[in-house]
1. Of all residues in segment 95-115, how many are in a loop (DSSP other than H, G, I, E, B) and free of Cβ contacts under 8 Å to residues at least 12 places away in the same chain?
2. Output yes when any residue across segment 13-35 is of a type in the set (Val, Ile, Thr) and more than 18 Å from the chain's Cα centre (by Cα), and no when none is.
3. Does residue 118 satisfy being assigned to a strand (DSSP E or B) and either more than 21 Å from residue 47 (Cβ to Cβ) or of a type in the set (A, V, I, L, M) (or both)?
4. Limited to segment 91-106, what total is found for residues that are surrounded by 15 or more Cβ atoms within 10 Å (Cβ to Cβ) and within 27 Å of residue 127 (Cβ to Cβ)?
5. Would you mind finding the one in 118, 86, 158 that is touching a residue at least 24 places away in the same chain (Cβ under 8 Å) and on the phi > 0 side of the Ramachandran plot?
6. Please list, ordered by first then second residue, the pairs with beta carbon atoms under 9 Å, 6 or more apart or interchain, first in segment 4-19 and farther than 20 Å from residue 161 by Cα, second surrounded by 10 or more Cβ atoms within 10 Å (Cβ to Cβ).
7. Given the conditions (1) farther than 14 Å from residue 126 by Cβ; (2) touching a residue at least 60 places away in the same chain (Cβ under 8 Å), and given that residue 68 satisfies all but one, which numbered condition is not satisfied?
8. Out of (1) touching a Leu at 6+ places or on another chain (Cβ under 7 Å); (2) within 26 Å of residue 51 (Cβ to Cβ); (3) surrounded by fewer than 14 Cβ atoms within 10 Å (Cβ to Cβ); (4) of a type outside the set (Gly, Ala, Ser), the odd one out for residue 84 is which?
Amino acid sequence: MVSKHQPVQTSDFVQAMGQHAAAVCVITTAHGGDRFGLTATAISSVCASPPRLLVCVNKSGITHEKIGAAGLFCVNVLSEAQEQIAKGFAGMMGKNFDRFSLGDWGVLVTGSPALAQASSVFDCKVVQQIDQFSHSIFIGEVMGVDCKPGHDALIYGARRFRTLRKVMTPTQIEGEETLSF
């Protein structure tokens, strides 16, 4: 059966996706003694048991090739204070800028670079790669994690970096109602 439905125009899709807000992440890998990374928001959990997540990576960048070759990657969820790191790994500081000069980098389990101050870190080995036109979807089994509760994630939506709005809640202290975070 042939569908008579046609996909939307690319420009309409891009404009609508621009309204989607998501946590800003730096996807890293190490291969041949070198480190590679890029800024991305296209990540999602897949399942909790076994613990797996997915990342979507553009095939045109060197990091895509190196994730495939290494079979490893690390998702570093940036905190609100790490906008400069996001810009650096997005290439906004120049082609020859040393991206890893920003932040304190170490490793967890696989050897992929892990950002010490990240809101959370997921260290993964690739269990499946799915090619979709300009991007690949890498599904990773999570081999190690690091989490810093209270370090809220940096958000990107409507074509700009954003932070989570802090909602105040009423609290009773000695019979008086006060507001607290």
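The values are calculated or read from the model by the stated rules, or taken from the named source; none is laboratory data. Everything numeric here is computed off the predicted structure, so don't read it as measured data. Every residue, glycine as well, gets a Cβ built from its backbone with ideal geometry; the counts of neighbours run over all protein chains shown.
1. Result for segment 95-115: 4.
2. Restricting attention to segment 13-35, the residues satisfying the condition of being of a type in the set (Val, Ile, Thr) are 14, 24, 26-29.
When the remaining residues are screened for being more than 18 Å from the chain's Cα centre (by Cα), the result is 14.
Looking through segment 13-35, at least one residue is of a type in the set (Val, Ile, Thr) and more than 18 Å from the chain's Cα centre (by Cα).
3. Details: assigned to a strand (DSSP E or B): no; either more than 21 Å from residue 47 (Cβ to Cβ) or of a type in the set (A, V, I, L, M) (or both): yes.
No; evaluated as a whole, the condition is false for this residue.
4. At the first step, the residues of segment 91-106 found to be surrounded by 15 or more Cβ atoms within 10 Å (Cβ to Cβ) are 93, 99-100, 102-103, 105.
Next, only the ones that are within 27 Å of residue 127 (Cβ to Cβ) stay: 99-100, 105.
Matching residues across segment 91-106 total 3.
5. Working: 118 fails: on the phi > 0 side of the Ramachandran plot; 86 fails: on the phi > 0 side of the Ramachandran plot.
Going through 118, 86, 158 in turn, the sole match is 158.
6. 7/13; 8/16
7. Here residue 68 clears every test but (1).
8. (2)
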